[in-house]
Amino acid sequence: MNVLLIGEYSGFALNLKEGLRACGANVVHIHEGDDWKSIDQTNDKQSISFNNCLKHRLKIGPYKIKGTWRLWGAKALWKLSKSVNKYRGYFDVVWIINYQFIREEWELWYPRLSYSQLNKVLRFNGRIFFSACGMDLPYCIAATKLPKLYQGNLDDNVFRTPRLVGKFNKLIRCVEGVIPVMFEYAYSYRNYNFASPVRICETIPLPINTASFSASNHIDGKIKILYGKNRIAKGTPFVLAALERIQNEYSYLVDVQIVEHVPFGKYIDLVKHTNILIDQCQSYSYGMNAIIGMAAGKVVLSGNELECQREFKQEIPIVNIRPNEDFIFNQLEYLITHPEIIDNLSSKSALFARNFHDSKLVASRYLALFGNE
């Protein structure tokens with residue numbers, strides 16, 4: 001099967017691509033590295049990558065001229081179009097990670113494929129799917145009904161602007177199905193008021209190439225806690241406040257490391273040398289960051305509510321945290337004062353990642369879905 005993947009979020013597409021190829025699929029991936037994460041795929045000859053054109057500005061002396069990023073965008077679009085032209089009528093499936101990675105026909109300054117270009121690269125009877133993940137319109141609306149999710153400024157979210165709402169409505173009419181990756185997105189799409197029927201597929205978990213990790217969690221002296229500082233919508237203020245208290249009260253037991261905007265490759269190295277990884281607290285489920293931690297055999301704190309476990313029909317070895325400073329502090333305090341639990345949870349984490357999130361297992365579920373259409 002020939003598959004075109006479009007977009008990238010935190011290594012989701014990278015790991016799925018590896019799993020699809022391990023299952024025998026031929027995969028081409030179009031992406032821009034997920035902004036500052038700089039997910040490097042330069043050694044992949046079937047990866048079409050480009051820099052985020054929004055970062056470029058024409059400079060005159062010390063001044064950057066507003067809007068000139070479109071010049072770089074138009075050039076990048078020309079290169080992208082030239083690269084994909086050789087795949088006319090080639091793909092059985094186009095899989096889109098989020099509709100922000102598609103452009104309107106008239107948006108000639110965005111290095112994205114348009115709807116007409118998608119149809120050109122598809123074979124006769126080829127199909128388009130897209131994942132329910134990341135921020136999008138149904139998620140913004142559903143967030144008001146899921147109290148644990150971030151509630152601030154949802155009405156002003158970019159995904160509720162007329163341009164992206166129009167893009168969403170157009171794409172949803174073209175797809176064979178929407179594939180949620182966790183409870184929040186399954187709930188969002190199941191409860192969204194679509195103008196016409198839309199197939200919401202089974203929820204398929206996020207993938208991780210477990211073969212690229214050697215699971216271990218040796219405590220050498222102090223217990224190391226790693227937190228990749230994120231945006232406010234993921235509960236960063238609550239986590240930071242709890243970590244400050246932990247560091248102040250248990251400085252003799254723990255070493256807290258807080259990082260921000262670290263390239264993907266370097267972040268993976270940091271994960272491998274920590275004991276406890278904190279993902280996010282303002283969610284019902286857990287994301288790629290948490291799965292990376294599990295694959296590396298770490299104790300992971302993230303969203304792991306009953307809704308998440310029911311959606312996956314699994315007992316998941318993640319320590320659930322909520323957007324409450326005291327709640328997070330208490331969970332951390334219990335772990336660091338009972339180090340024997342860390343060893344037990346670490347083993348369960350690595351086993352769960354291999355048995356449920358391994359990229360080849362996850363990819364086989366996608367291929368079964370694509371093949372059964």
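A few comments on the model shown:
- Of all residues making up region 241-279, the number that are more than 20 Å from the chain's Cα centre (by Cα), surrounded by 14 or more Cβ atoms within 10 Å (Cβ to Cβ) and charged (D, E, K, R): 3
- When the test is whether a residue is under 17 Å from Ser188 (Cβ atoms), β-branched (Val, Ile, Thr) and in a loop (DSSP other than H, G, I, E, B), Val175 passes it.
- Of residues in region 138-184 being touching a Cys at 6+ places or on another chain (Cβ under 6 Å) and at pLDDT 85 or above, the one nearest to Gln309 (Cα to Cα): Phe183
- Hey, Ala195 at pLDDT below 95, more than 22 Å from Ile316 (Cβ to Cβ) and either part of a loop (DSSP other than H, G, I, E, B) or of a type outside the set (Ser, Thr, Tyr) (or both) or not: yes
- The set of residues in region 281-295 that are within 16 Å of Phe327 (Cβ to Cβ), polar (S, T, N, Q) and crowded, with 24+ Cβ neighbours inside 10 Å contains only Ser283.
- Contact annotation: residue pairs with Cβ atoms under 6 Å, 6 or more positions apart or on different chains, pairing a residue in region 311-335 that is within 20 Å of Ser346 (Cα to Cα) with a partner that is charged (D, E, K, R), are Pro317/Lys348; Phe329/Arg245.
- Condition met for Val299 (surrounded by 19 or more Cβ atoms within 10 Å (Cβ to Cβ) and either more than 25 Å from Phe352 (Cβ to Cβ) or among the aromatic types (Phe, Trp, Tyr) (or both)): no
One line per residue, one yes/no per condition, for (1) closer than 19 Å to Val198 by Cα; (2) in contact (Cβ under 8 Å) with a residue 24 or more places away in the chain; (3) of a type in the set (Gly, Ala, Ser):
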{"position": "Trp106", "(1), (2), (3)": "no, no, no"}
{"position": "Pro111", "(1), (2), (3)": "no, yes, no"}
{"position": "Gly126", "(1), (2), (3)": "yes, yes, yes"}
{"position": "Ser131", "(1), (2), (3)": "yes, yes, yes"}
{"position": "Ala142", "(1), (2), (3)": "yes, yes, yes"}
{"position": "Leu149", "(1), (2), (3)": "no, yes, no"}
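- Any hit, region 228-237, residues being in contact (Cβ under 8 Å) with a residue 24 or more places away in the chain, farther than 19 Å from Ser10 by Cα and not aromatic (Phe, Trp, Tyr): no
The values are calculated or read from the model by the stated rules, or taken from the named source; none is laboratory data. The structure displayed is predicted, hence computed values, not measured ones. Neighbour counts are summed over all protein chains in view; Cβ atoms, including those assigned to glycine, are modelled from backbone coordinates with ideal geometry.
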